[in-house]
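The values are calculated or read from the model by the stated rules, or taken from the named source; none is laboratory data. Bear in mind the structure is a predicted one, so any value in this text is a computation, not a measurement. Cβ: placed from backbone, ideal geometry, glycine included. Neighbour counts: every protein chain shown. Protein only, heavy atoms only, side chains kept; ligands, DNA and RNA dropped before computing areas. Shrake-Rupley method; radii C 1.70, N 1.55, O 1.52, S 1.80 Å.
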Amino acid sequence: MTGCSPASSLGCSPDDVLAPGRSQLDITDESAVASMAQGVDVVVNTAAWTAVDAAESAEDAAHAVNALGAERVARAARSAGARLVQISTDYVFDGAPGRPFAEDAIVNPTTAYGRSKAEGEARSVRAHPEGTTIVRTSWLYGRYGPSFPRSIAAGLAEHGAVDVVDDQHGQPTWARDVARSVIDLMGAGVSVGTFHATGGGQATWFEFAARVATSLGYPDDAVRPIATDSAARAAPRPRWSVLAHGTWGDAGLAAPRPWRDMLDDALPDLALTAATVRNGTP
Ligand SMILES: NC(=O)c1ccc[n+]([C@@H]2O[C@H](COP(=O)([O-])OP(=O)(O)OC[C@H]3O[C@@H](n4cnc5c(N)ncnc54)[C@H](OP(=O)(O)O)[C@@H]3O)[C@@H](O)[C@H]2O)c1
C-alpha cells in the first residue's frame, strides 16, 4: 500500500511517499484502512495475497485480501478524496492462446487467485467509480526479495544448468517500470480506466531465463527448455498471458517499453552475483 501526500504534486519524491507494510496497515482491518487514506492524494494498492498455489485451498483467505480488502481500500480512498490505483494481474484472464488480451477483454480467471483479483478490480471500481484506475501487470521482478531472475541465477550458480518451461507465453516486467507508469498515469491526471503495465512484446519463461543466463556469461545450453506438464503445480498456469497496450496512447502516454530493454536495464540493479542470489537481496 502506497500513498502520495498532497505536498508531492506527483513529482512524488521518496519523502512524499507513505509506504506502510502489512504490520502497519492490514487491509483486512476495516478501521485501520478507513483512516489510512486521510491526507493523501493518490493511494496505490499493491497489497495482495499472491500465493497462487496456496490460494487454491484457501480461496476465502485470498478473497478477504484481494477482493474485500481492495474494496475497503477503494472506499477509504473515495472518502478521503484520493485517486486509487488498484494493482492487478494477467491472471484475471483465462490464458487461452490467441491475440493479446485487450484492456476491456472479458475477464475469465481459472484460478482462485485470479478470481480474487478479478473480484478486487470489480469491487474497487464499484466502490470508487470516479477515481479508480486498474493497472494490471505480470511476471514481475524487482530489486528486492525473491524473483524469477534471482531463482535462475541461483539455480545456475548451484547446478550450472536449469530446466525452464517453454510453452507459457507472457511479458516479463521490471517493477521499476510499473512504478514509473503509475507515476506517469497519475501525473497525466488519469483517474479511471484500465492499463496494462507489462513488458512490451512477449517471451516464454525459457526465453526470459536464457537472457538472464547469457547476461551472466553462461553458455547457450545452460538453460534447457521443458514442457509445462513436467512441472505440475496446484493452480494451472496460463499458457498465454500476453496483454495489449491499447489505452496508454488514449491517455497521451507511451506504451511500456520492450521487456528485453527493461531486463537489460534492470540487471545491474538486480546485482545477481553468487552472494546476492544466496541472500535474496542486493
Ligand atoms: N509478482 C508478480 O509477478 C505479479 C504479477 C501480476 C500482478 N501482481 C500484483 O502486484 C502486486 C504486488 O505483488 P508482489 O508480487 O509484490 O507480491 P508480494 O511480494 O507478495 O507483495 C504483496 C504484499 O502485500 C502484503 N499483504 C498481504 N496481505 C496483506 C494485508 N492483509 N494487508 C496489507 N498488506 C498485505 C504482503 O505482506 P507480507 O509479505 O507480510 O505477507 C506483501 O508485502 C499484487 O497486487 C499482485 O497481485 C504481481
1.4 Å probe accessible area per residue over the chain, in Å² = 45
query = D for region 1-157, whole µm²/s, Stokes-Einstein with Kirkwood Rh over alpha-carbon pairs at 25 °C and 0.890 mPa s: what number?
reply = 149
task = Before anything else, pin down the relative contact order of region 1-157: Cα pairs under 8 Å, at least 6 apart, normalised by residue count, whole percent.
result = 22
ask   = With axes computed from alpha carbons, what is the tilt in degrees of helix 112-127 against the longest principal axis of the chain, rounded to the nearest 10 within 0 to 90?
value = 30
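Provide the FRET efficiency to the nearest 0.05 for the T110-A19 pair, computing r from the beta carbons and using R0 = 30 Å.
For R0 = 30 Å, the calculated efficiency reads 0.40.
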query = Expressed as a whole percent, how much of the Cα-Cα distance distribution for region 130-282 exceeds 27 Å?
reply = 27
ask   = What is the distance, in nm, between label points placed 7 Å from the Cα along the Cα-to-Cβ direction at T28 and at R260?
value = 4.4
Pair E56, H159: separation of 7 Å Cα→Cβ label points (nm) = 2.1
task = Determine the share of the chain's accessible area contributed by carbon and sulfur atoms, expressed in whole percent, with a 1.4 angstrom probe.
result = 52
request  = Return the calculated 222 nm mean residue ellipticity for the chain, to the nearest 500 deg cm²/dmol, obtained by summing -39500 (n - 2.57) across DSSP H runs with n ≥ 4 and dividing by the residue count.
outcome  = -10000 deg cm²/dmol
ask   = Contour minus end-to-end for I226 and E130, with contour as 0.36 nm per residue of separation and end-to-end as the Cα-Cα distance?
value = 30.0 nm
key: Point-charge dipole on Cβ atoms (K/R +1, D/E -1) for the chain, about Cα centre, debye to 20   = 240
key: Surface/4 estimate of mean projected area, convex hull on alpha-carbon atoms of region 173-255, nm²   = 7.4
Computed label-point distance, nm, for sites A251 and S35 using a 7 Å Cα→Cβ extension = 3.2
query = Measuring from the lowest to the highest alpha carbon on each principal axis, how far does the chain reach, largest first, in angstroms?
reply = 56, 38, 37
